[in-house]
Amino acid sequence: MDRDDRVETLSEAECLHLLRTVPIGRVVYTEHALPAVLPVAFEVAPDDRLILGLRAGSSLSRALDGTVAAFQADLLDPVSRSGWSVLVHGRAEVVRDEAEYRRLLRSGPQPWIGGGQQRMFVRITPELVSGRRLLTAGQTLHRA
């Protein structure tokens, strides 16, 4: 079997559904003119925007605010060499609306690092969403 027969391209709806099943992903941003990647806690809001839970005043929140960022999450099984990966590109902005911020304090994602400190939230509005599912050796794509 050709390895390409084990890769399935996912629809945007499938990608957003899969993102809702994991609590941690990686945000890709620019730091000192170089690409940087950090793990972050997140959730997918009902309007499909990503909400990242960060420590207040972190250099990450300052670096993301008002920029285009990428976000990637996955769930992979190293034994079967299967799983999925989703990539989102979009504009990032610090949540400043007081009502939304208070709601996120009650139910939003806890920062991956420094969870006991004051929190803030960054919202990523998806503009490009793509993903792939890697099938197990016994699975094949059903192509018409």
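The values are calculated or read from the model by the stated rules, or taken from the named source; none is laboratory data. Computed from a predicted model, the values in this text were never measured in an experiment. Backbone-built Cβ (ideal geometry, glycine too); neighbour counts: all protein chains shown.
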Conditions (1) under 24 Å from Asp5 (Cβ atoms); (2) touching a Pro at 6+ places or on another chain (Cβ under 7 Å): number failed by Thr136: (2)
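So if I check each of Asp97, Asp77, Asp65, which one is surrounded by 12 or more Cβ atoms within 10 Å (Cβ to Cβ) and of a type in the set (D, E, K, R)? Even if it seems obvious, please write down each step before you answer.
Numbers: Asp97 fails: surrounded by 12 or more Cβ atoms within 10 Å (Cβ to Cβ); Asp77 fails: surrounded by 12 or more Cβ atoms within 10 Å (Cβ to Cβ).
Criteria check complete, one pass: Asp65.
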Options Val27, Val44, Val86: the member that is of a type in the set (Val, Ile, Thr), within 18 Å of Ile113 (Cα to Cα) and either in contact with a Pro (Cβ under 7 Å, 6 or more places away or on another chain) or surrounded by 15 or more Cβ atoms within 10 Å (Cβ to Cβ) (or both): Val27
Helices (runs of 4 or more DSSP H) within the stretch 1-117 that include 1 or more residues farther than 30 Å from Thr136 by Cβ and touching a residue at least 60 places away in the same chain (Cβ under 8 Å): 59-64
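For the subset of the stretch 30-67 comprising residues that are among the β-branched types (Val, Ile, Thr) and touching a helix residue (DSSP H, G or I) at 6+ places or on another chain (Cβ under 9 Å), which member is modelled with the lowest pLDDT?
Ranking the qualifying residues of the stretch 30-67, first place goes to Thr30.
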Criterion: among the basic types (Lys, Arg), touching a Ser or Thr at 6+ places or on another chain (Cβ under 9 Å), more than 17 Å from Leu128 (Cα to Cα) and surrounded by 13 or more Cβ atoms within 10 Å (Cβ to Cβ) - qualifying residue of Arg55, Arg103, Arg91: Arg55
